[in-house]
Amino acid sequence: MDHTLLHDALDGALTASALTALGVRPGDVLLVHASLRAVGPGAGGADGVLDAVRRAVGPEGTVVVPAFTPENSDTSPHYRERVRGLGDEAREAVRASMPPFDPALTPAPSMGALAETVRTAAGAGRSAHPQTSFAALGPGAAGLLSGHRADCHLGEDSPLARLYEADARILLLGTGYATCTAFHLGEYRMPGPPRRRYRCVVAPAGVRQWWEYEDVALDDSDFAALGAAFEEAAADGDVRTARLGAAACRLVGLRAAVDFATGWLTEHRSATAG
């Protein structure tokens, strides 16, 4: 695993040069996760970070972020936390207040400021899944985001599989592997992954309604351990680490991460289930 020393002081230009030093290349396709609180104020907030990333990948590069919306589902951990301790009537009031998903308008507040900045940027695209959409900027956006089937959160008919095909890389800015979305593709590639029912609010033809569907049971509870194991086993070049201001930063090969996750999850979750 490579370790690259990045600059401590941050401004727009210095962040871009630091990302280049880390290994971000012109033309890269990057799936970005960022904690602006961890990075600190010197980066210029979400606008400054996005500007730096886009300048690092150049006009031929594409920036992708998760734009998930657990707020319009009553089967999500977000909902369970929101209604914890409430009675039946109050729970129903929460359900009734949930707006239907609109890919052009629905915000993704739980994904952080950078994701919202990408989603609302001029020229950005967004995939159509009502729960686990992605937003992207750049010439590769349309191809990466198209065909996101509504009953496939993060599997072969999602942008994650298109990112895998594009040999994308993952940029973790102040975040760890616990929130590494790409690992979920490994869940789909396990033999016989468990499945469950999901439900969310949609509005086909402008009519608000609940929609229920079945998909792989997503579980990120062991992703931190998975990430630690991946980093320990990673080949040279698969993971590059550094500090960006106060934040730990990683540049990770998405294919390598998904391939490792598929094997690790198959072994460890089978052992746990047994």
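Please treat every number below as a calculation from the coordinates, not as lab data. Treat the numbers as computed from the prediction; the structure is a model and nothing was measured. When we count neighbours, we look across all protein chains shown, and the Cβ atoms used for this are built from the backbone with ideal geometry, even at glycine.
Here are a few things to note about the model shown:
- Cβ charges +1 (Lys, Arg) and -1 (Asp, Glu), total dipole of the chain, debye: 380 debye
- Sequence of Thr120, Thr181 once ranked by neighbouring C-beta atoms within 10 Å, starting from the fewest: Thr120, Thr181
- Relative contact order [Cα under 8 Å, 6+ residues apart], the chain, whole percent: 25 percent
- Dipole magnitude for the range 211-274: about 440 debye, using +1 per Lys or Arg Cβ and -1 per Asp or Glu Cβ, origin at the Cα centre.
- When both the range 85-129 and the range 16-68 are represented by their alpha-carbon centers, they are found 23 Å apart.
- Whole-number percent relative contact order across the range 150-214, with pairs defined as alpha carbons under 8 Å at least 6 apart: 27 percent
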